[in-house]
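In what follows, a structure is listed as structure tokens, so that the remarks can point back to it.
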Amino acid sequence: MRIATVEATPNIAVVKYWGKRDNKIILPMEGSQSFTIDSLKTRTTVMFSDKFKEDEFWLNNKKVDLTDKEIAERMQQLNIIRERAGITLKAKIVSINCFPTAAGFASSASGLAALACAASRAAGLNLSAKELSILARLGSGSACRSVVGGFVEWHKGTKEDGSDSFAETIYPANHWPELRLVSAVLAEGKKKVSSRAGMKQTVATSVLYTARLAYLPTLLKEMREAVGRKDFAKFAELTMRESNNMHATMLDTWPPIMYLNDLSKQVIYAVGELNANEIKAAYTFDAGPNAHIYTLEKNVPEVKRMLEGINGVQKVIVSKIGNGPVYLEQEREHLIDPKTGNVREHYYDEKANLIVIKEDEK
Ligand code: DP6
């Protein structure tokens, strides 16, 4: 059966990817590092069939326009997968996110990682983690880090064809079992400048960006060592300063880009207070105002209290470090009915944190 379903989760970078040297096949200016988390998953089912007249993509129960240039660019992996598998069948892709889409939570990372894994499996390919990472990278740079679990490094690579630009696990998910990520939703809704457009503009105009590139190789090494030693204080300092550094180059971009809002800044100050006597928390921000705070299990209650005390924090989500994508093998877990090729009625039950699939009508 040419159908596969995969659940993938986001990753939150501690050394950020911000800038490409190749915009088409998505090659980064420098390496980056992240932890894959175990919650906020995306489930994606891909089915290839001669029943389908054209490719179709449903995201959160809405049909996505595949003729849109940006979407088509992000889906380039689909044709590569078909070519490699030697098939010309059309695909139906159905995907659902268990979190707010495009609000600075890395929905594109989990989504495009799930797509790479599900589409290649559905096409009958049995690819290595490295090959999957390269495919996911073509959809979204950060997605290449979500095809594996634990502490992950995306090697920038040097080859023009991108064959050495992939992510791999440096330390598995159980290396630092006490580590947690506490994420605060500060604002829902779509961000103003996409990461794709924003980073291009930073590379083109920011004066500070050169200094950033010069310091990144040292940072990658120091971060690898701090995580290896499970040295939270060092890890936290490196993480916060790195987030600040990336956001400094954003502000230095012309026209300026500002993803942090006043609430984000309140979180930065509150973390500073929390850390006054002992380093307990490390904030990091992506291309949006939401705060991601790495901390240790024993400090989660204090971090949560701190966030809940800030007026405007809408939601707090605690995650552990995850193992990467999971292939769902049960027939009833597919978002497409394998017999008919129809999309199954489904929704995300936020309270129960479950994807509910309506029973097939007989
Ligand atoms: C700020 O991976 O979304 O989250 O490759 O253009 O799809 P594209 O960009 P994307 O950028 C993520 C940027 C970031 C930092 C990070 O995750 O490393």
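Once both labels are positioned 7 Å from their Cα atoms along Cα-to-Cβ, the gap between LEU89 and GLU54 label points is 2.1 nm.
Over all Cα atoms in segment 30-129, the spread is summed up by Rg and Dmax: 14.0, 43 Å. Length available on full extension from LYS69 to GLU297: 0.36 nm per residue minus the Cα-Cα distance, which gives 77.7 nm.
Compactness check for segment 240-288: Cα Rg over 2.2 N^0.38 Å is 1.23. Determine the sum of side-chain charges near GLN266: Lys and Arg each +1, Asp and Glu each -1, restricted to other residues whose C-beta is under 15 angstrom from that of GLN266. Within the 15 Å Cβ shell, the charges total -1. With the convex hull of the Cα atoms taken as the outline of segment 134-268, the averaged projected area works out to 9.4 nm². Length available on full extension from ASN261 to LYS24: 0.36 nm per residue minus the Cα-Cα distance, which gives 82.2 nm.
The loop-placed GluC sites (Glu not before Pro) in segment 22-87, going by DSSP, that have at most 14 neighbouring Cβ atoms within 10 Å of their Cβ come out as GLU54.
Computing the accessible area with a 1.4 Å probe over protein heavy atoms, can you report the carbon and sulfur percentage for the chain?
So the carbon and sulfur contribution to the accessible surface is 51 percent.
Working from label points 7 Å from Cα in the Cα-to-Cβ sense, the LYS358 to TYR327 distance is 3.1 nm.
Estimated at the nearest 10 Å², the accessible area of LYS265 is 90 Å² with a 1.4 Å probe.
At full extension, ARG229 and THR205 could sit 4.9 nm farther apart than now, given 0.36 nm per residue minus the alpha carbon distance. Remark: accessible surface ordering of THR340, THR284 (largest first) is THR340, THR284, probe radius 1.4 Å. Please work out the FRET efficiency for the pair ASN277 and SER194, using the Cβ-Cβ distance as r and a Förster radius of 45 Å; give the result to the nearest 0.05. Given R0 = 45 Å and the Cβ-Cβ separation, E is 0.65. Once the 1.4 Å probe is applied to the protein heavy atoms, the chain comes out at 45 Å² accessible per residue. Relative intensity of the chain on a log10 scale, I(q)/I(0) at q = 0.12 Å⁻¹, equals -0.86, per a Debye sum over C-alpha point scatterers of equal strength in the absence of solvent. Compactness of segment 222-330, taken as the C-alpha radius of gyration over 2.2 N^0.38 Å, stands at 1.19. Taking the Cα centre of each part, how many Å lie between segment 308-345 and segment 41-68? If you average the Cα positions of each part, the centres end up 17 Å apart. In the chain, the DSSP-assigned H stretches of four residues or longer account for a calculated mean residue ellipticity at 222 nm of -10500 deg cm²/dmol, using -39500 (n - 2.57) per stretch and the full residue count as denominator.
The values are calculated or read from the model by the stated rules, or taken from the named source; none is laboratory data. Quantities reported herein were computed from a predicted structural model and do not represent experimental measurements. When we count neighbours, we look across all protein chains shown, and the Cβ atoms used for this are built from the backbone with ideal geometry, even at glycine. Surface accessibility is based on the protein's heavy atoms, side chains included, excluding ligands, DNA and RNA. Shrake-Rupley method; radii C 1.70, N 1.55, O 1.52, S 1.80 Å.
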